[in-house]
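Single-structure report; data block below.
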Amino acid sequence: MKEPKQLSVSAIESGTVIDHIPASSLFKVIQILRLDNIPNQITFGTNLESKTDGKKAIIKIAGVFFEDEDINRIALVAPKAKLNIIRDYEVIEKKVVEVPDTIHGIAKCMNPKCITNFEKVPTRFRVTSKKPIALKCHYCEKITDQERLEII
Ligand code: CTP
Ligand code: ZN
């Protein structure tokens, strides 16, 4: 039998729990998933102890089940995020996030001369390496690597 355990953030009846978000990426994940704009109940915890990787954050979104394509957008800032799909208080599915092959928006091109940095053109990249991340700009063809990656 499983030991009863204390949940830092209350259990939800149905929806999505995104666990193992680096604490420093919590608000970027909220921004990327546009959670500030939905009417659903959302709870989150941050700076929680993680057995494996320092301080983590967790977000619980009631009544929302994301498309893989949408959720994978968070891989740039939370590559180890784990998704738990909840129905009737039970975890019915676990998923990991995967870095997509193309990225629209989210990241800034590191090239100061790139058109995306001085005109209102949304960024577009092809992912040339997933680990560590390297993004090739559709417009200027310069590579933005993990170290220079800036989320917009
Ligand atoms: N959870 C929840 N509401 C539920 C069931 C689970 O909010 N009704 C949350 C838990 O708090 C946990 C996550 O969903 O953060 C995963 O639940 P579970 O698989 O039971 O926990 P663990 O075994 O700790 O999962 P893992 O080791 O994969 O992190
Ligand atoms: Zn560019």
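Can you name the residue in region 58-104 that is among the polar types (S, T, N, Q) and under 26 Å from Pro122 (Cβ atoms) and, of all such residues, is nearest to ligand 1 (Cβ to nearest atom)? This residue is Asn72. Consider Asp19 carefully, then state whether it is assigned to a strand (DSSP E or B), among the charged types (D, E, K, R) and more than 16 Å from ligand 2 (Cβ to nearest atom). So Asp19 fits the description; yes. If you go through region 78-97 and keep only what is modelled with pLDDT of 95 or more and surrounded by fewer than 18 Cβ atoms within 10 Å (Cβ to Cβ), you end up with Lys82, Ile85, Arg87, Asp88, Tyr89, Glu90, Val91, Ile92, Glu93, Lys94, Lys95, Val96.
Restricting attention to region 26-56, the residues being open to solvent by 50 Å² or more (accessible area, probe 1.4 Å) and closer than 18 Å to Ile151 by Cα number 5. Residues in region 120-149 that are modelled with pLDDT of 95 or more and open to solvent by 90 Å² or more (accessible area, probe 1.4 Å): Pro122, Arg124, Arg126, His138, Tyr139, Glu141, Lys142.
Residue count for region 57-73, restricted to those that are crowded, with 17+ Cβ neighbours inside 10 Å and either more than 15 Å from Ala23 (Cα to Cα) or modelled with pLDDT under 95 (or both): 5.
The values are calculated or read from the model by the stated rules, or taken from the named source; none is laboratory data. Computed from a predicted model, the values in this text were never measured in an experiment. A quick note on method: Cβ atoms are made from the backbone with ideal geometry, for glycine too, and the neighbour counts reach across all protein chains shown. The protein model used for the area step is the full one, side chains on, heavy atoms only, and it has no ligands, DNA or RNA in it. Shrake-Rupley method; radii C 1.70, N 1.55, O 1.52, S 1.80 Å.
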